[in-house]
Each structure stands twice: as C-alpha cells, then as structure tokens.
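Read through the structure below, which is laid out as structure tokens, and then see the notes.
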Amino acid sequence: MSLRILRKQYWRHNLRRENLAEIGPNFPNQLFWSQTELIQIMSPPGTTVLELGCQNGKALHAAAIRFPGSKFLGVDISREAIAAAKALTSQKPTENVAWFAGDIFEFLKANTEPIHVLCSCATLIYFSEKELEQLLSVLRDRGLKALALCEVTARGQRSVKEHIYAHNYEAIIAKVFGKKNRGLNYSKTPFKYEPWESQNFEGAIHFFKVSATL
Ligand SMILES: C[S@@+](CC[C@H](N)C(=O)[O-])C[C@H]1O[C@@H](n2cnc3c(N)ncnc32)[C@H](O)[C@@H]1O
C-alpha cells in the first residue's frame, strides 16, 4: 500500500475526537489566524479562501463571520472533523462558508471555481514535494494570488522525521509560479513550538503573494 494511501487512511479514521473539540492554547493555529497579513489577504470582498486541513473549522468559521464579503471553503479528509465544522455552522449560521469532507485533490476535481488564497496550518507537512507541486499547479490555474502557510521547515538536515515533509516553500513556489516569484512579496514569521522544536523543525508562518509568470 502506498504511503499516500496510508496517510489518507490515518486522517480519515484515526483523528481523535478530543482533537476536534478545540484548538489548543499553545498551538500555532491561533497565532496563524491572528496575523495581519492573513487578515489583509482574505478580507477584500470577492476573495475566495481555501483552507486545506481545516479540521473542526473553528478558525475558518470565525473568519467567515468576520469577513462577510469573502467566501471560505474548508476541506478536511476527516469526516468527523467536517461534521464538527458543519455543527458549528448550524449553531452560528453564515452563508459564505462551505465544507467538504475528502481529500484535497477530490475536492479540486469536484469544484472548479476560482480560488484566490490558500491557507494551511500543520497540513502540508503530510504532502510529498510532488503532491505539493501538483496541488499548487492546480491552484495556480485557478487564479491563486496568495498563500498563507503555518508549516515547518527543516533545521539542519532536510529529512527530520520520517514521512513528515519540511518543504522549502520558497523554492517550490518559485518553480510552480515562475522564477520571478522567488522572494517576491514573501514574508516569514518564525515561532517556537516545543513539539516541533524537539524534532529539529523550524516552525514559521509564511506569506506569499504570487502571480503566474511562467
Ligand atoms: C495536524 S492537523 C492540523 C489541523 C488544523 N489545521 C490545525 O492547525 O489545528 C492536519 C489536518 O489535515 C487534514 N488532512 C490531512 N491530509 C489531508 C488531505 N489529503 N486532504 C484534506 N485534509 C487533509 C487532517 O484530517 C487534519 O485535520
């Protein structure tokens, strides 16, 4: 069985219920969603924001309520997670958010609308470089303008832990969107997060503004 299928099965079936209840106080997720750059890129009316690995949808739901002129799409492979997100939306309805339970590539096949912003927190680490390039190529062709990623890069050696990918996001984005995007409108906010630190990862929030120049 391929590693990708194993990883999908893990998230589909084994995401623990207690993880769904709340985003822990120390988890970088909260830091991520409060960043000014993220707020600036998702707030202009007419913007469509996709969150990959939205889990219980709390952060995206809050953003949808805060920015009623933008549209928010939350995708997570865990059905339980998306059920929690839907329950949240029925408690506090907002029409500008939609949820999808499934793999991101299944979502992108089923939904062909433009996507302007990609957000992900602690999720692209489970995608191989090839999968990440595929994902970004599809999004480039859908009109992607910005990426906000709260992910890890490797400190020292590249392969820090088996099956967790500490990508060089600058290089991959330059490859997919064209060389002119390397370092263009890129900002990085490093932070310390003990579980990642101890595995020799460097945690950081990365913002990219891109335009296809291939
Ligand atoms: C470590 S959790 C992070 C959740 C959330 N972003 C946060 O910061 O709290 C990774 C999430 O990505 C989801 N995920 C993993 N692989 C996925 C895929 N191929 N497509 C969609 N979601 C995926 C998992 O189900 C899980 O909810």
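A few remarks follow.
- Rounded D (µm²/s) - the stretch 28-70, Kirkwood Rh over Cα pairs, Stokes-Einstein at 20 °C, 1.002 mPa s: 200 µm²/s
- Using only alpha carbons, the stretch 47-131 has a radius of gyration to Kirkwood radius ratio (Rg to Rh) of 0.95.
- Dividing the Cα radius of gyration of the stretch 100-142 by its Kirkwood radius returns 0.93 for Rg/Rh.
- Assigned charges on the beta-carbon of Lys, Arg, Asp, Glu; the stretch 67-157 dipole about Cα centre (debye): 220 debye
- Across the stretch 22-122, C-alpha contacts under 8 Å between residues 6 or more apart give a mean separation that, scaled by the residue count, equals a relative contact order of 32 percent.
Just so you know, all these numbers are worked out from the coordinates, no wet-lab data involved. All of these numbers come straight from a predicted model, not from anything done at the bench. Positions of Cβ are backbone-derived with ideal geometry, glycine not excepted, and every protein chain shown enters the neighbour counts.
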